[in-house]
Amino acid sequence: MEATVKITSSIGQEINGSPRMCARCVLTSAFPGIRFNEHGVCDLCLSAGSPEETVTRRERLMADIDEVIEQYRGNGEYECIVAYSGGKDSSNTLKFLVERYGLRCLAVTVDNGFIAEQAVENCKTVTAALGVDLLFYRPSPVFMNDLYLKSATTALHAPAAIKRASSMCNSCISLINNYMIKTALQHNVKIIAGGYIGGQIPTDAAVMRMKTSVQSKLRGVSLKRYVTALGPAAEKYMGFPEVADERELVIVNPMLGLGQSEEQIIENIRSIGWQRVTSVGLNSSNCQLNDLGIAVHHKQHGFHPYALEASEQIRAGLMTRAEALKKVERIPEFSDLRDQIAKIGLHIL
């Protein structure tokens, strides 16, 4: 049954028509907390370091990753759980971990109900080429569709979360991260790897040490919001697993230190059979729901949810401003997303 939901804009008169865009990146005046100088340059660009400082920071991040992998790798069946979507960034991450460190990885794919067919084939092809085991997990489509519907129409996340991703993406990421932790604990693996790039998460998140007791408390706060919106079923998917003894895990995101452009990444993973997905819009390489998340986010908040990511790539010298503009200037039309809208039961007024 389709839910009738009114999605309204929160920007109103705040931007007085078209928002102002930074002269260097693609962040606009609709982005929360942004400020511009007299030359139209945003405060994030003004505070960015020099190219030399960027290179030094990447080298430091990679040294940190090298250190923790040697510290936490083990003797079990698997040494690393990799959150693997079949997209370009997670494919590149998996390849890097296998080739640089020789890690025994378990690639874990969470099928959210919208993974493109070619992305599924990429999961199979890439893991086969690398000799990596693949675990494919499909949560209940009923729950997932309700999760996306509630994400689009209720306040499930902290206000700061809207800066880095749409509410739909934030919910999906939360479920995936939770499942990766569960899987790591089940297999007694201490390393979890993600394929996040600059702008998707903070730059200093290349290495994150995590104690299960602390994580349980943190996730308990967000779980209450999920249960309120989605009912008891949220406990299964968003609840933190019970752990008898204290465990320490480390989460690594090597892409933050690699310093590769999108084209360099794609060229690298083509060598192991990865193929570009053409049915997912400009800002995803695996998910067919992504454009709906973008459209809803822009309608509600007035800025593109990938603007921060694209701007970080500009500042890091990994993307030109012209390339970034192509990714964020066009907002998907609801009229082109009827299948996705119908599938989750969303009705746009």
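Scan segment 32-57 for residues that are in a loop (DSSP other than H, G, I, E, B) and out of contact with any His (no Cβ under 9 Å at 6 or more places or on another chain) and jot them down. Talk me through it step by step, then tell me what you get.
Our first condition is that a residue be in a loop (DSSP other than H, G, I, E, B); within segment 32-57, this holds for 32-35, 37-41, 47-50.
Gly33, Ile34, Arg35, Asn37, Glu38, His39, Gly40, Val41, Ser47, Ala48, Gly49, Ser50 - these are the residues of segment 32-57 that are in a loop (DSSP other than H, G, I, E, B) and out of contact with any His (no Cβ under 9 Å at 6 or more places or on another chain).
Among the residues of segment 98-115, is any open to solvent by less than 40 Å² (accessible area, probe 1.4 Å), in a helix (DSSP H, G or I) and in contact (Cβ under 8 Å) with a residue 60 or more places away in the chain?
In the first step, residues of segment 98-115 are kept if they are open to solvent by less than 40 Å² (accessible area, probe 1.4 Å); the result is 98, 101, 103, 105-115.
If we keep only those that are in a helix (DSSP H, G or I) too, we end up with 98, 101.
Of the ones still in play, those that are also in contact (Cβ under 8 Å) with a residue 60 or more places away in the chain are none.
No, there is no match, as no residue in segment 98-115 is open to solvent by less than 40 Å² (accessible area, probe 1.4 Å), in a helix (DSSP H, G or I) and in contact (Cβ under 8 Å) with a residue 60 or more places away in the chain.
Among residues of segment 238-268 being open to solvent by less than 50 Å² (accessible area, probe 1.4 Å), among the aliphatic types (A, V, I, L, M) and not in a helix (DSSP H, G or I), the one that is modelled with the lowest pLDDT is Val243.
Restricting attention to segment 155-188, the residues that are in a loop (DSSP other than H, G, I, E, B) and surrounded by 21 or more Cβ atoms within 10 Å (Cβ to Cβ) total 3. Residues in segment 124-142 that are over 23 Å from Ser261 (Cβ atoms), in a helix (DSSP H, G or I) and open to solvent by less than 30 Å² (accessible area, probe 1.4 Å): Thr127 only. Per the conditions (1) open to solvent by 10 Å² or more (accessible area, probe 1.4 Å); (2) part of a helix (DSSP H, G or I); (3) farther than 29 Å from Ala295 by Cα, the sole criterion not satisfied by Val221 is (3). Take the conditions (1) over 21 Å from Glu323 (Cβ atoms); (2) at pLDDT below 95; (3) out of contact with any Lys or Arg (no Cβ under 6 Å at 6 or more places or on another chain); Val55 misses just one of them, which is (1).
Table: residues versus (1) crowded, with 20+ Cβ neighbours inside 10 Å; (2) touching a His at 6+ places or on another chain (Cβ under 7 Å); (3) modelled with pLDDT under 95; (4) not hydrophobic (A, V, I, L, M, F, W, C).
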residue	(1), (2), (3), (4)
Ser284	yes, no, no, yes
Cys287	yes, no, no, no
Asn290	yes, no, no, yes
Phe303	yes, no, no, no
Tyr306	yes, no, no, yes
Ser311	yes, no, no, yes
Thr320	no, no, no, yes
Ala324	yes, no, no, no
Val328	yes, yes, no, no
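The values are calculated or read from the model by the stated rules, or taken from the named source; none is laboratory data. Keep in mind the model is a prediction, meaning the values are calculated, not measured. Cβ coordinates were reconstructed from backbone atoms using ideal geometry, including for glycine residues, and neighbour counts include every protein chain displayed. When the accessible area is computed, the model is the full protein with side chains, heavy atoms only, and any ligands, DNA or RNA have been set aside. Shrake-Rupley method; radii C 1.70, N 1.55, O 1.52, S 1.80 Å.
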